[in-house]
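The values are calculated or read from the model by the stated rules, or taken from the named source; none is laboratory data. Just so it is clear, the model here is predicted, and its values are computed rather than measured. Cβ coordinates were reconstructed from backbone atoms using ideal geometry, including for glycine residues, and neighbour counts include every protein chain displayed. What goes into the accessible areas is simple: the full protein's heavy atoms, side chains included, and nothing from ligands, DNA or RNA. Shrake-Rupley method; radii C 1.70, N 1.55, O 1.52, S 1.80 Å.
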Amino acid sequence: MISFVKQRGIGLSFLILVSALLVWLHRRYSGAMPRLSYLTGWALFGLILLLSLYNARKKLPFVPLLSSELWLQSHIYAGLLTAALFAVHISYKLPTGWFEGILAWLYVMVMLSGFFGLVVSRAIPKRLTTRGGEVLFERIPSIRRQLQERAEALALTSLSQVKSSTVADFYARELKDFFEGSRNVGLHLLEVRSPLNRLLNKITDLNRYLNEQERATLDQIAGLVRQKDGLDYHYALQLLLKVWLFMHIPLTYSLLLFTLAHIVLVFAFSGGAR
Amino acid sequence: MPAPLPTYDRPQRWDAAFDPQVTDAEVSRLLSVPPFSGMRPENFPTRLSLRDILKHDTRIQRYRRGEIVVRAGDHGTSAFLVMSGQVRAVLGPELPPSLLGRREPTRKGIFRVIAQLWANPKEPESFKTSQLKQDARIGARQNQGEEVKIFLQDVPRILDEHKTALLEPGEFFGETAALSRMPRTTSLFAESEEAELLEIRWQGLRDLMKYDEALRKHIDEIYRERALSSALHEIPMFRHLSDEALQQVMARTEFGTYGDYDWSGDYKRLVQSAAGGQRRMEPVIAAEGDYPNGVILIKAGFARVSQKFGNGDRTLNYLGAGQVYGFQEIVHNWRRPNAVVPLQYTLRVIGYTHVIVIPTAVMETVVLPRVPKKDLPRLLSPAEDQETTRPIDAGAKIGADMLEFLTENRFFNGTATMVINLDRCTRCDDCVRACAAAHDDNPRFLRHGPISDRLMVANACMHCVDPVCMIGCPTGAIHRDAFGGQVVINPATCIGCKACFNNCPYDAIRMVEIRDQTGAFLVDKEMKPILKATKCDLCVEQLGGPACQRACPHGALVRINLNDLDAFANWLKR
């Protein structure tokens, strides 16, 4: 079994070598072959087409088409290789026309979104594991509802048991909104804990106005607040792991469409391939 | 004041009788027929009287002509005594899988694999009528209050096409499988119009053997002849022995079963009570510091190797079938009689363990003098006490906490356990979708399960070494695939009795309501939905192996044999 470090070493070496070779070949033959950009263009288009096939592979898990891991590794390094191919294709200059400008920017965005996906795919799982409280994304709404019901029930219990509305009022004022949905998504992504700390501080502050029974109830509510915060954390990070693909894939399809139009236009206005 | 620790009521012998319907009159009748009429009740202790054993550990089963009693390959925990009528044992060729309620092993061709793209049903667990059709040569019947019994329609033809042996009243069968928890080797069916069999569960058989010399001798002989000889031939240290020497070893070898075969139920209760303290329930086979009485060979089940650590014990390894304990100490003592060492580790039962013990005297006089010096283990030395250099210490390979986690949860039972590295898993559920795509849109596992550090063991069938789910299936629907040995379920013969579902200690089996091709739920005459057991089949019909593993883009999921800790350590270090 090949280690991840070795796998990365092989991939990066391949990438650097082939990219350097591409740049060298382009320099060597750009003067001698006036239509070299056709060749690099077709190569780039073919590579992008191959890269987009990874999505099709995912839809056919039962067909023995090599492992998805191997496909992803090829996707990553071939994807990075397109940067070198793209650079030589545009001769290191961003196009100035609006159509080709959009095409170039689409490519850049596909590339950046893919790179972003790679970074979050490697970084976020470790954060989720470290935080603990593993939960299936689809089950988060129902667990959140359960926590909300338990917190509400505790607040109401306090009302009926001690004939005081302090805890119930606090719940309605400070916690009701917190339990109603996923909160602090952006802050969780940035690993900022201040909203949780603020809520827990408020709970601690309230304790001085409560009797023993109310304090016990508030303690239980504080436990639920921590659980809900953990759930929000998982929601935020798991959401990010899913949504980046909603940028990467539509952008890829747009890129393919624009590339097809680009090919048609190139051939229409150049008098055909030679 | 700290909260009191939750306690767990340890199950007692005869908390649950094998068959509560057995009456005193029936027991009296049993006592009047051989071999029980020849047994001396005074040889049995008061707390384990012969009458009580027969009342609580046996049941009378009646089979009609053609009804299958046991199937080759099944796991069972009871032996049978023919009381009346006749039973046939199929010696060869083995009955075809479909006659035993099993599925013929098949692999989809490339075109059928691709056709799944459009041919998969829209609703999960939808079956064609043909998929639920049993082999016409077998039938099922169920008498009032009895289990479903499968019968062979054409007994004369079976007798004609297969070599068989007749078992008459007074004869035992199934005792080796019952005592050693090895798969049954022969299929048997009733030949007479009615055959009355006494089924004796293993605990009862063990006690009967213990207190009745004749029965012990009889079963001992059968065991030595059928199981011991092949077991000893598999051990490398005996390959240097001549046939005569091997006979000497065999004659003096002891065997025994420790623990409880029904560990699955106990384990489930332990987990539910969250009381922990499993080690309290694990009988000690050999204790650290004791004199080594013999080399212990694990024949079936598992045992924990531990060593005193602080005020407790630290697990160093677990041993499975074919592994030995105490060999190094005996060799050391034989080579250094002036520097005798005691056992270095404690061997405990996990669940149940069937062992073969070759006494030290036999080892010293018959075996060791014939083993070349290069094949002997090295002498014990103070360096052995260094944790990282002990070859037995699997904790050094995978981490002590991980080893405890695998042992406490008994995951070592799995030959294809689904382990997920949560540090690499992006929770994308590609594995779940791949499983669903390969199994009629119904994923056969949950990406959820116990977690230790960064590893999750998902709720997926582990295809156990000791598949407790296979015990008690009345139709043989759950079985090992004839090709790869995966534990699979034949939907055509599964009757939805939940025996496997209740037996599985890892909650890896689900009961599902099945549908027809139109997507409508199938119901019986009482309009109750028809249930079938489903579980991971390791994509036995697909090309390329388990879809879940192949679908993981990040190399986070693996199906791995947790008996091979070197492979597991390599995967962990990846």
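Could you identify the single residue in B:Asn333, B:Asn338, B:Asn317 that is polar (S, T, N, Q), closer than 26 Å to B:Asp375 by Cβ, over 23 Å from the mean Cα position of the chain (by Cα) and not in a loop (DSSP other than H, G, I, E, B)?
Details: B:Asn338 fails: not in a loop (DSSP other than H, G, I, E, B); B:Asn317 fails: over 23 Å from the mean Cα position of the chain (by Cα).
Within the list B:Asn333, B:Asn338, B:Asn317, the selection yields B:Asn333.
Within region B:98-113, the set of residues being within 14 Å of chain A (Cβ to nearest Cβ) and open to solvent by less than 60 Å² (accessible area, probe 1.4 Å) comprises B:Lys108, B:Gly109, B:Val113.
Rundown of residues vs (1) in contact with an Asp or Glu (Cβ under 8 Å, 6 or more places away or on another chain); (2) on the phi > 0 side of the Ramachandran plot, yes/no style:
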| position | (1), (2) |
| --- | --- |
| B:Thr475 | no, no |
| B:Cys500 | no, no |
| B:Asn503 | no, no |
| B:Glu526 | no, no |
| B:Cys539 | no, yes |
| B:Gln542 | no, no |
| B:Gly555 | yes, yes |
| B:Leu562 | no, no |
| B:Trp571 | no, no |
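Taken as a whole, region B:82-92 holds no residue that is more than 14 Å from every other protein chain (Cβ to nearest Cβ), within 25 Å of B:Ala499 (Cα to Cα) and open to solvent by less than 60 Å² (accessible area, probe 1.4 Å). Scanning region B:130-167 for residues that are open to solvent by 30 Å² or more (accessible area, probe 1.4 Å), out of contact with any helix residue (DSSP H, G or I) (no Cβ under 7 Å at 6 or more places or on another chain) and among the basic types (Lys, Arg) yields B:Lys133, B:Arg141, B:Arg157, B:Lys163. Is at least one residue of region A:215-230 more than 30 Å from A:Ser165 (Cβ to Cβ) and charged (D, E, K, R)? No, region A:215-230 has no match at all. If you filter region B:531-574 down to residues that are part of a loop (DSSP other than H, G, I, E, B), charged (D, E, K, R) and within 10 Å of chain A (Cβ to nearest Cβ), you find that the one that is nearest to B:Val113 (Cα to Cα) is B:Glu541.
Only one of the listed residues (B:Arg424, B:Arg433) is open to solvent by 40 Å² or more (accessible area, probe 1.4 Å) and modelled with pLDDT of 90 or more. That residue is B:Arg433.
The requirement of being surrounded by fewer than 20 Cβ atoms within 10 Å (Cβ to Cβ), over 21 Å from the mean Cα position of the chain (by Cα) and touching a residue at least 60 places away in the same chain (Cβ under 8 Å) is fulfilled somewhere in region A:226-243, by at least one residue. Within region B:90-116, the set of residues being of a type in the set (D, E, K, R) and outside any loop (DSSP other than H, G, I, E, B) comprises just one member, B:Arg112. Only residues that are more than 12 Å from every other protein chain (Cβ to nearest Cβ), in a loop (DSSP other than H, G, I, E, B) and of a type in the set (S, T, N, Q) were counted across region B:402-442, and they come to 3. For region B:29-45, the count of residues that are among the polar types (S, T, N, Q), farther than 19 Å from B:Gly170 by Cα and modelled with pLDDT under 90 is zero. Exactly one residue out of A:Arg131, A:Arg183, A:Arg193 is more than 30 Å from A:Ser74 (Cβ to Cβ), within 24 Å of the chain's Cα centre (by Cα), within 14 Å of chain B (Cβ to nearest Cβ) and modelled with pLDDT under 95: that is A:Arg131. Restricting attention to region A:52-69, the residues being closer than 30 Å to A:Val266 by Cα, buried (at least 16 other Cβ atoms within 10 Å of the Cβ) and free of Cβ contacts under 8 Å to residues at least 40 places away in the same chain number 1. Of all residues in region A:84-97, none satisfies being part of a helix (DSSP H, G or I), within 30 Å of A:Asn211 (Cα to Cα) and open to solvent by less than 40 Å² (accessible area, probe 1.4 Å).
Report those strands (runs of 3 or more DSSP E) wholly inside region B:165-266 carrying at least 2 residues which are among the hydrophobic types (A, V, I, L, M, F, W, C), within 23 Å of B:Asp52 (Cα to Cα) and more than 18 Å from the chain's Cα centre (by Cα).
So the answer is B:194-201.
Within region B:361-386, the set of residues being under 18 Å from B:Leu246 (Cβ atoms) and open to solvent by less than 40 Å² (accessible area, probe 1.4 Å) comprises B:Val362, B:Met363, B:Val366, B:Val367, B:Leu368, B:Val371.
Yes or no, residue by residue, for (1) of a type in the set (A, V, I, L, M, F, W, C); (2) open to solvent by less than 40 Å² (accessible area, probe 1.4 Å):
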{"position": "B:Ile478", "(1), (2)": "yes, yes"}
{"position": "B:Gly484", "(1), (2)": "no, no"}
{"position": "B:Val540", "(1), (2)": "yes, yes"}
{"position": "B:Gly545", "(1), (2)": "no, yes"}
{"position": "B:Leu562", "(1), (2)": "yes, yes"}
{"position": "B:Phe568", "(1), (2)": "yes, yes"}
